[in-house]
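FYI, it's all coordinate maths here, none of it is from the lab. Note that the coordinates shown come from a computational prediction; the quantities given were computed from them, not determined experimentally. Heads up, the Cβs are rebuilt from the backbone with ideal geometry, glycines too, and the neighbour counts pull from every protein chain shown.
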Amino acid sequence: MYRSAAKRLLPALCRRRTTHFLCSSTPVRFPSRIVNPAPFSSSAASGNFPNQNPSHFDSSTSSTEHDRARENEARNPRAPPRPKAHWEEEQARVLQASLSHVIRLGWTDAAMIAGAREVGVSPSIVGAFPRKEAALVEYFMDDCLQRLIDIIDTKEDLKNLIPSQRVAELVRIRLDMQAPYISTWPRALSIQAHPLNISTSFKQRAMLVDEIWHAAGDETSDIDWYTKRTILGAIYSATELYMLTDTSADFQDTWAFLNGRIEDAFDLKNSVNEAKYLAEAVGAGMGGSVQGIVNRIFRG
């Protein structure tokens, strides 16, 4: 699911398995708790990490094909993910067009119908989306992640920033993509928090946080990998909520809030307290799950 996670886990798995096992045609299963709640798909070996509906390895795939896939991974361990790859072309066209109607109509079926009409598709296509409004929000999240990845890959001046500045800048760039929809974003958050949608929401946010840390040059492979992503996830959520009530010009107060939280998080002496503070700030809206994670990480 994540490019740095795949790079981190593959060597660990190789160390635990014998050479004979890895070279056999038996498909390798990654721990679903760490990589993906769904079975690891064959496309992951080539660097494509679909967001939904991953397929199983074909048991008939030869060991030569598996070896070739592993060689490709070794050559290109950071092939960029394609967050929007799982959307069918017609669906993507409708959802992309619908975003221009969200400001006026909100994250609703009406916006999707308007989007379908704009691209010359029958409005009946809206019925093909099982979770309609959630599909629109999730497409927006995927689209923003893809745009952020493109910026990371092309924005040369990011490389001149120190890690803390790079993280803060990428979070700002990503949240600024929500600025045009700020009046409707509380509704988007409530859609994401629905029990049927929360799993995808967490996965999308985890992918976002992982990409930001990866862009900052993070190569950790131990408990710090989880610690850093937990802290940044809490910072992102707290800043996102702060932004909803910010009335300053161009969200200047929000970016000041973000910079302060990032500076504190990069101060190792304050990281633990900052993570717990932010977990308390956003934990109530997330069922206390962030607080529970932080407590387990910093226990003792």
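Given 0.36 nm per residue, what is the gain on full extension from Ala85 to Asp153 after removing their alpha carbon distance, in nm?
Answer, rounded to one decimal: 22.7 nm.
Which order do the peptides 140-151, 193-204 come out in when sorted by mean C-beta neighbours inside 10 angstrom, highest first?
Ranking, from highest mean packing down: 140-151, 193-204.
How would you rank 233-241, 113-121, highest first, on the average number of other Cβ atoms within 10 Å across their residues?
233-241, 113-121
Please compute the length gained on full extension between Ala193 and Arg172, using 0.36 nm multiplied by the number of residues separating them and subtracting their Cα-Cα distance.
5.3 nm
Glu263 to Leu244: extension gain in nm, 0.36 nm per residue of separation minus the Cα-Cα distance?
Between Glu263 and Leu244, full extension yields 4.7 nm more.
Non-local amide H neighbours of Asn197 (under 5 Å, H modeled in plane, Pro and chain starts lacking H): which ones?
Under 5 Å from the amide H of Asn197 lies no amide H from a residue far enough along the sequence or on another chain.
Can you run phi through the Karplus equation (6.51, -1.76, 1.60; θ = phi - 60°) for region 133-145 and list ³J(HN,Hα) in whole Hz, with x for Gly and Pro?
Once θ is set to phi - 60°, the couplings for region 133-145 become 4, 5, 4, 5, 5, 5, 5, 4, 4, 5, 5, 5, 5 Hz.
Let a ≥ b ≥ c be the square roots of the eigenvalues of the Cα gyration tensor of region 143-240; is it rounded (a/c under 1.5), or, if not, prolate (a/b larger than b/c) or oblate?
Here region 143-240 falls in the oblate category.
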